[in-house]
Amino acid sequence: MKLFWSQVHRRRSRVARIASRGVTLIEILIVLAIIGLIAGGVAMTAIPQFQKAQVQTTKQSAQQLRNAAQLWRTTGGGDCPSVETLKRDKQLEATSKLSDAWDQPFKILCDDDETTVISAGPDKKEGTTDDIRVPDNAPQK
């Protein structure tokens, strides 16, 4: 009888060792699902904030470019400068951003008394509703 109980004990300890050896595939899948849900929630809040930051950065760069263009025009530089002209004439700082947040070049338009800087916006197509214009009330052409 003693032999029988020692075999049972050995078998139980072997089963316990096997069961406690690692994690199961189901446990790993559950953890991955939880991580995926958390990452999705973070992305849902971070992506819109990133897009707002791109628009805000583009507006600030366009305002700096407009100020430089107006200064260039008032100091007798000529009609309407291009970004390259402002850069060449050192009206822009070396660190100034010469393109929008989507790496598209700014466009400068000049009327008699108004200077407008335009970015094509996130869709990179000029003349659409997402275009960024500085000043905001500038008419579309």
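Here, each number is a calculation from the coordinates, and none is a lab measurement. Remember, predicted model here, so these are calculated numbers, not experimental data. In this analysis, Cβ positions are derived from the backbone assuming ideal geometry, glycine residues included, and neighbour counts consider all displayed protein chains.
With a Förster radius of 22 Å applied to the C-beta separation of Glu93 and Gln63, the computed FRET efficiency comes to 0.95. Think of each Lys and Arg Cβ as +1 and each Asp and Glu Cβ as -1; about the Cα centre, that makes the dipole of the stretch 26-134 roughly 240 debye. Anything over 24 Å Cα to Cα? Flag those among Lys90/Lys124; Lys59/Lys87; Lys52/Lys90; Lys90/Lys125, in the order listed. Pairs exceeding 24 Å: Lys90/Lys124; Lys52/Lys90; Lys90/Lys125.
Per the Debye formula on identical point scatterers at the alpha carbon atoms of the stretch 26-134, with no solvent, log10 I(q)/I(0) at q = 0.11, 0.13 Å⁻¹ is -0.46, -0.56.
Using 0.36 nm per residue and subtracting the Cα-Cα separation, the extra length available between Asp111 and Thr24 on full extension is 24.2 nm.
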